[in-house]
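Have a look at the structure below before the remarks.
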Amino acid sequence: GSRVRLRLSNVMGTEPIKLSSVAFAQQSTGAGLVKGSSKNLTFAGGSSTVTIPAGGYAFSDPLSYPVKAFQKYSISFVPLKTIKSPTRHASSFEQPYVSGLAKSTTESGLFFAPITLPMHQSWFLLDRLDVETDANKEVVLVVGDSITDGAASMGNLLSLDPKLTNIGTNTRYSD
């Protein structure tokens, strides 16, 4: 695809969540990013901050970004205050990372540490990722459901079959 757009969720939250420095990047290893791949997202026509209403959603503006098949990507953000009860996808079996610094990305992953129990291996606030592709291309994009993660998945492994020969045959894949 050539453009991405995120939908962030606070559908289970009881108060608005304000974020800044929301970024999309290609993941290398752990919290590290591929050099030069991080791009800031904007909201509502160009704002660098977004407020996700309690019980609601927020869409990013489309971002020109080349998305490749079978590649891991990173979504990062800086909350402008403590998020008391984040909407999350539990048991995603992918390790999230957190930093105590007011910075959402570092290419090296330095200053980021894995989130520990009880919230480890959960995705926070990310509800949907739209990828725009050229006309007349068929695309399967699978993010965070029982086929891509969860029961019977292997943690932190990109184990998709590049030929996608097993989709529809009740085979479990990890993202």
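First measure r as the distance between the Cβ atoms of S2 and T29, then evaluate 1/(1 + (r/R0)^6) with R0 = 25 Å and state the FRET efficiency to the nearest 0.05. Plugging the Cβ-Cβ distance into 1/(1 + (r/R0)^6) gives 0.45.
Rounded to the nearest 0.05, the FRET efficiency derived from the C-beta distance between F70 and T42 at R0 = 35 Å is 0.80.
The packing ranking, built from the mean of other Cβ atoms within 10 Å per residue, places the peptides 79-87, 55-63 in the order 55-63, 79-87, highest first. Holding the Cα-Cα limit at 23 Å, pick out from K39/K68; K18/K72; K18/K68; K35/K81; K35/K72 the pairs that are longer than that. Exceeds cut-off: K18/K72; K18/K68; K35/K81. In plain terms, the chain from S20 to A135 could stretch by 38.1 nm, reckoned as 0.36 nm per residue minus the Cα-Cα distance.
Read-outs throughout are calculated quantities, based only on the coordinates presented, and are distinct from any laboratory measurement. None of the values given here were measured: they were computed from a predicted structure. Note that each Cβ is placed from the backbone with ideal geometry, even for glycine, and that neighbours are counted across all protein chains shown.
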